[in-house]
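These notes are about the structure you will find just below.
Each value in this text was obtained by applying a stated rule to the coordinates, not by laboratory testing. In this text the structure is predicted, and so the values were computed from the model without any measurement. Positions of Cβ are backbone-derived with ideal geometry, glycine not excepted, and every protein chain shown enters the neighbour counts.
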Amino acid sequence: MLKNQSNSYDRPWNINKRYRFNCSNMNEIQILKYNGGEGGWSKNVDIGTFEGQKVVIQRLRPKPGSGDQDFRLNMFLKNLLMSDQLDHPSLVKVLGYCFRHTKGEAGYEQSSYFGDVSVVYEYGMGLTLNALNLTIAERLNHAADLASLLSYLHYSPLGSLADFDIKPEHFKMVNGKIKLIDLDHMNNVEPTCSLTLSTSHKNFKPCPFNISCQELTEIEMRKEEADELLIKCAELLEYNTGQLAKVKVFGKWHDIPRKQVAYGDAGLSYKFSSTIVPARPWIPFLKEIRDKISEVTKHEFNFVLINRYKDGHDHMGEHRDDEEDLVPGHPIASLSLGQPRDFVFRHADSRGKHAKRKIDSISVELQHGSLLMMNNPTNKFWYHSLPQRKRLMNVRINMTFRKMTQLAKRDISC
Ligand SMILES: O=C(O)CCC(=O)C(=O)O
Ligand SMILES: [Mn+2]
């Protein structure tokens with residue numbers, strides 16, 4: 001069989017050196033068993049051998065005119081790209097591949113179609129779990145391998161991946177090891193963000209939702225300074241009472257489970273969850289903190305909402321600060337003083353019974369004297385809450401510095 005010199009496989013960009021097989025030697029694989037039908041689309045799975053090693057060749061040969069060929073081709077290529085990019089002992093290895101846009105390889109010359117794709121994988125046997133007769137120790141080993149694979153996928157170099165179609169047919173037994181071969185239902189969920197681990201770690205992509213955390217101690221708030229602020233809060237702050245300390249839930253008024261007050265530029269108020277909280281005029285103590293945060297963050301703020309949690313019973317429900325009163329896209333700077341508390345971010349797509357996706361929540365323990373920057377678009381995608389932690393005994397005060405629009409100027413006094 002003469003090789004057609006005009007075939008794409010003779011061009012330099014088609015030489016995939018790190019693989020054992022490419023377009024120029026794939027036809028040296030001796031086919032032992034042709035398998036798979038030639039329908040409107042076909043994914044042939046042939047078994048072959050090369051230098052005594054058994055291999056599997058998957059070929060997709062889209063047939064012009066067949067309706068779903070693009071979809072099949074996409075899935076096939078996705079499987080190849082995923083297998084090419086990922087590397088874990090429980091993933092079946094790619095040994096090579098070839099894309100062709102003309103016919104002409106030995107064994108395939110009967111093809112009249114254009115655009116064949118062939119991929120060579122290491123050989124594995126079909127998995128029939130019951131027939132394996134595994135001991136408990138072997139089962140545990142396989143379970144540990146799979147757990148390690150899931151963990152690898154969660155922190156994969158391609159971001160956080162989840163397989164949405166796990167079934168036994170997608171696994172093969174390769175030399176006594178269970179390996180996943182079908183990766184075309186692998187999808188990218190949010191890359192894992194960590195506020196506490198360095199995002200330069202290879203398993204952590206920089207968080208696309210721009211949740212960033214700066215410790216005030218790093219920007220020169222010493223513990224003594226934070227202690228002093230906490231004492232001054234007790235001396236200088238007053239909290240709202242009466243109707244301003246209530247919230248309407250399903251048509252019924254309840255006391256908010258903490259104390260609250262707002263300070264800000266003249267005339268500003270903040271409308272959220274059925275309440276309008278008017279700003280009291282700035283006092284020098286709060287102005288000083290605001291100016292220091294502006295200096296450090298290079299952002300201006302004209303309003304601060306202060307929440308006081310007497311102990312771990314006090315809390316704040318899940319919400320995202322996305323009200324119309326806030327200047328769109330402006331960051332919210334959240335200063336915490338006193339009792340460290342968990343602050344939990346939950347992605348909008350993963351809330352409720354009918355969640356679209358499963359995305360792990362992110363919990364950050366906000367420390368005494370820390371400044372958490374909620375940058376745009378954090379509050380577009382993520383809800384946050386301060387859940388109850390009943391064993392915690394001490395007071396926590398949180399100040400969220402915000403920028404209000406002129407809309408938030410209302411003719412109400414406090
Ligand atoms: O106390 C906290 O850290 C939560 C504050 C908050 O989310 C808010 O004031 O909107
Ligand atoms: Mn909030």
Using a simple spin-label model with points 7 Å from Cα along the Cα→Cβ vector, what separation in nm is obtained for Asp227 and Lys310? 2.6
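Find how much the distance from Tyr155 to Lys380 grows on full extension, using 0.36 nm per residue of separation minus their present alpha carbon separation; answer in nm with one decimal. Each step should come with its number before you reach the end.
On the way: separation 225, 0.36 × 225 = 81.00 nm, distance 2.39 nm.
The Tyr155-Lys380 span can extend by a further 78.6 nm.
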Using modelled amide H (1.01 Å from N, peptide plane; none on Pro or chain starts), what sits under 5 Å from the amide H of Ile256, excluding residues fewer than 5 places away? Lys246, Val247
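What FRET efficiency, computed as 1/(1 + (r/R0)^6) with R0 = 35 Å and r the Cβ-Cβ distance, is obtained for Ala348 and Leu73, rounded to the nearest 0.05?
0.60
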If each part is reduced to its alpha-carbon centroid, the stretch 163-191 and the stretch 292-309 end up apart, in Å, by 48
Here the gain from full extension of Leu236 to Asn130, 0.36 nm per residue of separation minus their alpha-carbon distance, amounts to 31.0 nm
For the stretch 149-159, in residue order, the Karplus 3J(HN,Hα) values (coefficients 6.51, -1.76, 1.60; θ = phi - 60°; whole Hz; Gly and Pro = x) are 5, 5, 5, 4, 5, 4, 10, 6, x, 9, x
At a Förster distance of 30 Å, what's the computed FRET efficiency of Phe285 paired with Ser361, Cβ-Cβ distance as r, to 0.05? 0.30
Determine the gain in length on full extension of the stretch Ser148-Gln53; use 0.36 nm per residue of separation and subtract their C-alpha separation, reporting nm with one decimal. 31.5 nm
Listed by chain and number, the residues whose amide H is under 5 Å from that of Trp382, excluding neighbours fewer than 5 places away on the same chain and using placed H, are Ala348
